[in-house]
1. Does region 1-122 come out rounded, prolate or oblate by the C-alpha gyration tensor, with a ≥ b ≥ c the root eigenvalues, rounded set by a/c under 1.5 and, if not, prolate when a/b is larger than b/c and oblate if not?
2. Quick one: helix 137-160 against the long Cα principal axis of the chain, what's the angle to the nearest 10°, folded into 0 to 90?
3. Just order 104-112, 274-282, 235-243 by mean Cβ neighbour count inside 10 Å, highest at the front, would you?
4. Run lengths n ≥ 4 of DSSP H only: what is the helix-derived mean residue ellipticity at 222 nm for the chain, with -39500 (n - 2.57) per run over all residues, to the nearest 500?
5. Per residue, how much space in cubic angstrom lies within the convex hull of the C-alpha atoms of region 86-214?
6. Need one number: nm distance between label points at Cys80 and Trp97, each 7 Å from Cα along Cα→Cβ, rounded to one decimal.
7. So how far, in whole Å, is the C-alpha centre of region 150-192 from the one of region 13-70?
8. From zero up to wherever the largest Cα-Cα distance of the chain sits, split into 10 Å bins and tell me the percent of pairs in each.
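What follows is calculated from the coordinates using simple rules that are stated; it is not laboratory data. Just so we're clear, the structure is a prediction, and the values are computed from it rather than from any experiment. Please note: Cβ atoms are built from the backbone with ideal geometry, for glycine as well, and neighbour counts cover all protein chains shown.
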Amino acid sequence: MSELILHHYWQSPFAHKIRLALGLIDASWSSVEIPRIPPKPFLIPLTAGYRRTPVLQHGADVFCDTQNIARAIGELTDDCRLIPESESGRIHAFTDWIDGTVFNLAARVILTSAIDTAPPEFIRDRAGLYFGSNWTPDGLKGQLSGVILQLSSHLKAIDQGFSGSGGFATRALSYADISIAVIAWFIRGRWEDGPVFLKQFPNIERIEREIHEQTTECYDNLAGEAALAIAHDSFSCSSKGVQSQIGCSMYEGMRVSIRPQAETSDPSVIGQLRYLDDIRVSIDHNAPEVGDVVVHLPVAGYQIQSCE
Ligand SMILES: N[C@@H](CCC(=O)N[C@@H](CS)C(=O)NCC(=O)O)C(=O)O
C-alpha cells in the first residue's frame with residue numbers, strides 16, 4: 001500500500017489530471033473508488049463536507065482541489081518536476097484559468113450534448129455544481145453553439161502558445177501540459193464530435209499523446225473503510241499559524257466555513273482554522289470515523305468566512 005491515497009472515480013477528468021500528475025513523476029498510490037454522485041459515506045467524514053473529486057489523503061492530512069493536490073504531491077514526494085519552482089507562478093495561474101474558464105466551457109458542451117441521454121439525476125447534480133440554480137435544458141441547448149465557439153477560441157489560443165516541441169510553460173512536460181491534455185481527453189471521450197473538433201488543434205493533440213505516453217500508472221486498490229482507518233490511526237504534523245493580511249481578521253482556532261467562490265450547490269466545509277497563507281487554508285476537523293484530521297484547501301477560488 002502506498003502512502004498517497006487518491007479518492008476518485010475513473011471517469012472524472014479532474015481525477016485523471018491527478019492520476020497523470022502522479023504518473024509523470026512515477027509516484028505509486030492507492031486507489032479508493034468513490035461514487036460519482038452523493039452519498040459518499042467514505043469520503044465526507046474525511047473532508048468535513050467537501051464532496052468534489054478527487055481528494056488526496058496522506059495519513060490524517062486531506063488535500064482537496066487539484067491545484068492544492070498538485071502542490072501537495074510536490075511537497076510530499078519532494079519532486080518538483082510537475083511544478084518547477086522557477087515556473088510555479090506561471091503554471092498555477094495558467095492551470096487555474098484552464099480549470100475554471102476552459103473546463104467549464106468543455107463541461108457545458110458535454111453536459112448539454114448528453115442532456116437527453118444521461119441519467120437525469122446525474123445531469124441535475126452536475127448542472128447544479130457547474131451552472132448554479134438558474135439553468136434549464138432549453139437554455140443550455142440554446143447557448144450550445146456560442147459555448148462551442150468560446151471553447152474553440154480558447155483552445156486555438158493555447159494551441160498557438162506552443163513553440164513546436166516541448167511543453168507549454170517548460171521544455172520538459174509539466175502540470176500545465178497535464179491540464180491541457182486532460183481537457184482534450186475529456187472532450188475526446190465524452191462528446192461525439194470531440195475527436196473531429198480536436199483535429200483543429202494539432203499541438204494540443206500532440207501534448208495529449210505525449211502526456212499519456214510518458215505517464216506510468218502504478219497503484220493498488222484500497223477499500224474506503226481502510227482509508228478511514230488509516231486516517232484514524234495517523235497524526236497530522238502539518239503547519240499551524242495564520243499569516244496576517246491587510247484588512248483581514250482571521251485567527252488560529254477561529255471557526256470558519258469554506259466554499260467555492262462561484263455560484264454552485266457545493267456544501268460548505270466547516271472547521272477550526274489551523275493554517276492560512278497566500279496559497280493554502282487548513283482546518284482541523286474531527287469525525288468519529290476518522291478522529292482528528294486536517295483538511296487543506298486552496299485560498300484562490302474559495303470564500304473563507306467566519307462562523308462565529
Ligand atoms: N476545483 C475542483 C473541481 C473538481 C471537480 O469539479 N470535479 C468533478 C469531477 S471531474 C466533481 O467533483 N464532480 C462532482 C462529484 O464528483 O461529486 C478541483 O480542481 O479539484
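1. oblate
2. 90 degrees
3. 104-112, 274-282, 235-243
4. Mean residue ellipticity at 222 nm (helix-derived): -13000 deg cm²/dmol.
5. Convex hull of Cα atoms, per residue: 110 Å³.
6. Simple spin-label model gives 2.4 nm for this pair.
7. Comparing the Cα centres of region 150-192 and region 13-70, I get a distance of 23 Å.
8. All Cα pairs considered, the percentages come to 6, 27, 34, 25, 8, 0.
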